[in-house]
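The values are calculated or read from the model by the stated rules, or taken from the named source; none is laboratory data. Just so you know, these numbers come straight off a predicted model, no measurement behind them. Glycine gets a Cβ as well: all are built from the backbone with ideal geometry, and neighbour counts include every protein chain shown. Keep in mind that these areas ignore ligands, DNA and RNA; they rest on the heavy atoms of the full protein, side chains included. Shrake-Rupley method; radii C 1.70, N 1.55, O 1.52, S 1.80 Å.
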Amino acid sequence: MLCKNCGKELPIAGKFCPFCGAPIEQAGANDETAVFTALPDELNGPLDLSAFDAVMKDVHGAQDGGAADPLAATDPHMPRADELPPINVPPVRRAQGAPGAPRTTYFEQPDLDDKPFKKPSKGKKGAVIALVVVLVLALIGGGVWFVLSRQPDENLTLAEKYMKHGDFDKALEYYLAAQGEAKDPASLDQTIQLLKDFQTAQGFMDNGQYTEALAALQLLQNRVTDPDSPLYDAIKELTDKASAAQSDSQFAADLQKASDYLANKQYDQCAAQLDMLAADDTLTGEQVKQVEKLRDSLKEAREAAERQEQNQQQQQEKKQGFVDQMNQLDENDQKIAAAATAEEELDLTSTSFEAWDTLLSDMYDHLATVLNADQYASEEESYKKWVEERDAGAQNAAKDAADETAGKLAAASFKQSYTKTRCYKLLDMM
């Protein structure tokens, strides 16, 4: 801006032009820039600074011992000049120029390159404020994102919690949930696969597939090498259980095989199987008891078989004895047909009947040792009915005879034949 008195550029703010000393005033030319303008034309021109010079003289005079003090005349509270400390006032330098040029209070030559200060406009202020707001919001958003991104995933936290407690089914469930939300899902693949393989091994165990379970656990042991991992301990524990279960299963199969041998009366094979089981030093106390119990059963079965064999042999011998007697009686009965008279035939027939009846009684006595109580009771009841039938048949046979001898012969012949038939029937039961 130019001074209206001297026409020079005003370099700084002030109330007087630094070049000509003309008074100027600060006025806002517009809302954006504060500029300095000169006073109206009626105030232009050289100022009378005689009052100012008088004041300055009084100040210097006071320093030289004078008593003049214009301020004291107007303010009774102001100290007198002689009461003030010495003041070193630099001499007033007048602006260089033609004589009589207007005085100025600017003591140094101004830098003409200086430019007047300008207040920033409202538009620039708004842009700066908007920029600051954007930066603040960006910083706040970035901080929130950083904090949230640093917060642990809840599913992953729960998965690790269940992992530490050995609940691998729950841990797998939350690992899968965390994988679905993870930025890098592949980072959880290895852990998830380990847990799935462990579940597979558990499934083999539950199904009694101990060989398959041990194979799966062996692969897991080769992949989980951290002894502090809960999964490492779980694999070791399940491996021990699978080994024990496999051993128990094998033992149970071998013991069942020995029992089958015993049930089939294959006593030698049963004894060999039990000897093999007893030679296994890994058997538990309970398993040893089972082997010994089955060995006792084998001993009893063998003794019972021997007794049965002896009984069968005795029965066979007894039966053979009955067969021999029956053959002898059959041979004797052939004489009946050769009898010369009816009396001789009656005598031979009666003798044959008594022999067959005695044999029948012996055979019933032997059946009492062969048949059980129920079977013998049933057979005894049948025998009583049979005797009644035999006697009634003999009586009927004697009724139609021509004389007494013929009647007796007919009755004796009926009884002899009926008893003989009963003996052969009992022989089949032995």
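Across region 258-272, the number of residues qualifying as surrounded by 14 or more Cβ atoms within 10 Å (Cβ to Cβ) and within 42 Å of the chain's Cα centre (by Cα) comes to 2.
Number of residues in region 379-430 that are touching a residue at least 60 places away in the same chain (Cβ under 8 Å) and either open to solvent by less than 50 Å² (accessible area, probe 1.4 Å) or under 60 Å from the mean Cα position of the chain (by Cα) (or both) equals 12.
Quick check, is PRO102 at pLDDT below 70, surrounded by 15 or more Cβ atoms within 10 Å (Cβ to Cβ) and within 29 Å of LEU10 (Cα to Cα)? Considered against the rule, which asks whether it is at pLDDT below 70, surrounded by 15 or more Cβ atoms within 10 Å (Cβ to Cβ) and within 29 Å of LEU10 (Cα to Cα), PRO102 comes out as yes. For region 193-234, the candidate set comprises residues that are modelled with pLDDT under 95 and among the β-branched types (Val, Ile, Thr); within that set, the residue that is nearest to TYR162 (Cα to Cα) is VAL224. The set of residues in region 326-372 being among the aliphatic types (A, V, I, L, M) and in contact (Cβ under 8 Å) with a residue 60 or more places away in the chain consists of MET326, LEU329, ALA342, LEU346, LEU359, LEU360, MET363, LEU367, VAL370.
Against the numbered list (1) open to solvent by 20 Å² or more (accessible area, probe 1.4 Å); (2) among the aromatic types (Phe, Trp, Tyr); (3) touching a residue at least 24 places away in the same chain (Cβ under 8 Å), PHE198 comes up short only at (1).
Scanning region 174-194 for residues that are touching an Asp or Glu at 6+ places or on another chain (Cβ under 7 Å) and buried (at least 16 other Cβ atoms within 10 Å of the Cβ) yields a single hit, ALA178. Which of the residues belonging to region 214-257 are aromatic (Phe, Trp, Tyr) and either surrounded by fewer than 13 Cβ atoms within 10 Å (Cβ to Cβ) or in contact with a helix residue (DSSP H, G or I) (Cβ under 7 Å, 6 or more places away or on another chain) (or both)? Hit for region 214-257 is PHE251, nothing else.
Going by the conditions given, is ALA252 more than 27 Å from ASP167 (Cα to Cα) and not acidic (Asp, Glu)?
yes
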